[in-house]
Amino acid sequence: MNPPLARTNAEAHLYMDLHPCSCGETAFPRQSAVVALADGDLASRYTGACAGCGQDREFVFRLPATIGGTGNGFHYGGDEPSQLLDPGEWLLVADAYAGQVPAEPAAGAAGQRARAALTRAVAALDEVGKFIPAGGGAVPPGAFTSDRGRQLHQREPGRFRRDRLTAVRDAYAGMLSHLG
């Protein structure tokens, strides 16, 4: 067993959220433990019963060799591209979070929810950009490994251009600055 690398807990939890049980339910009370793999590396193991049907669920993710982050604030991983989600999945995540933000976010709890959603949308867009090669202008087609990622790329390839990703990210970051 060679589990995929989860660069952060946030990335691992997002992956689990995006991979429902066979009954369709995504929620399950997650118990976690750090376990040793056969090769001596460490991994996070998440287990629990599906909230929908009770089926046992288990996810195992290799831990990074060193714990570190890129700057301050919320992020899903380091400088390297994700091994768990492809660029299309990351763009769908960004879309979902951005879609939670009302046109005119209110103050208080609603403003906090809008800020959290935009922060995660920006972080997901940053993840898409990590798949663009140095000096490249777009995510290469071979980077798409999931059906939903490939389908999004086939429908809207222009959304994976560096300039367009930067423009959307900058717009979200600008909205964040207005939220305080």
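Observations, loosely collected:
- Here is how the number arises for the chain: DSSP H runs of 4 or more residues each give -39500 (n - 2.57), the sum is divided by the residue count, and the result at 222 nm is -12500 deg cm²/dmol.
- Rg of the Cα atoms in the chain, relative to 2.2 N^0.38 Å, amounts to 1.09.
- For Arg57, distant residues with modelled amide H under 5 Å away: Gly48, Ala49, Cys50
- Gain on full extension, evaluated as 0.36 nm per residue between Glu25 and Leu37 minus their Cα-Cα distance, stands at 1.5 nm.
- With the convex hull drawn over the C-alpha atoms of region 16-70, the volume per residue is 97 Å³.
- Gyration tensor verdict on region 1-95 (Cα atoms; rounded if a/c is under 1.5, prolate if a/b is larger than b/c, oblate otherwise): oblate
- Averaged over its residues, the chain has an accessible area of 54 Å² per residue, based on protein heavy atoms and a 1.4 Å probe.
- Total charge dipole magnitude, the chain, about the Cα centre, Cβ charges on Lys, Arg, Asp, Glu only, Debye to nearest 20: 280
- Sorting the Cα pairs of region 85-174 by distance into bins of 10 Å, from 0 upward, gives 18, 48, 25, 9, 0 percent per bin.
- Region 90-129 and region 1-33: distance between their alpha carbon centers, rounded to Å: 21
- ³J(HN,Hα) computed for each position of region 118-124 - Karplus, 6.51 cos²θ - 1.76 cosθ + 1.60, integer Hz, glycine/proline x: 5, 4, 6, 5, 4, 4, 5
- Measuring nothing but protein heavy atoms, the accessible surface of region 1-129 at 1.4 Å probe radius is 50 percent carbon and sulfur.
- Each peptide in 164-174, 132-142 receives the mean, over its residues, of other Cβ atoms within 10 Å, and ordering these scores from highest gives 164-174, 132-142.
The values are calculated or read from the model by the stated rules, or taken from the named source; none is laboratory data. Note that the structure is a prediction, hence the values are computed from the model and not measured. Glycine also receives a Cβ, built like all others from the backbone with ideal geometry; neighbour counts cover every protein chain displayed. In case anyone asks, the SASA skips ligands and DNA or RNA and just uses the protein heavy atoms, side chains included. Shrake-Rupley method; radii C 1.70, N 1.55, O 1.52, S 1.80 Å.
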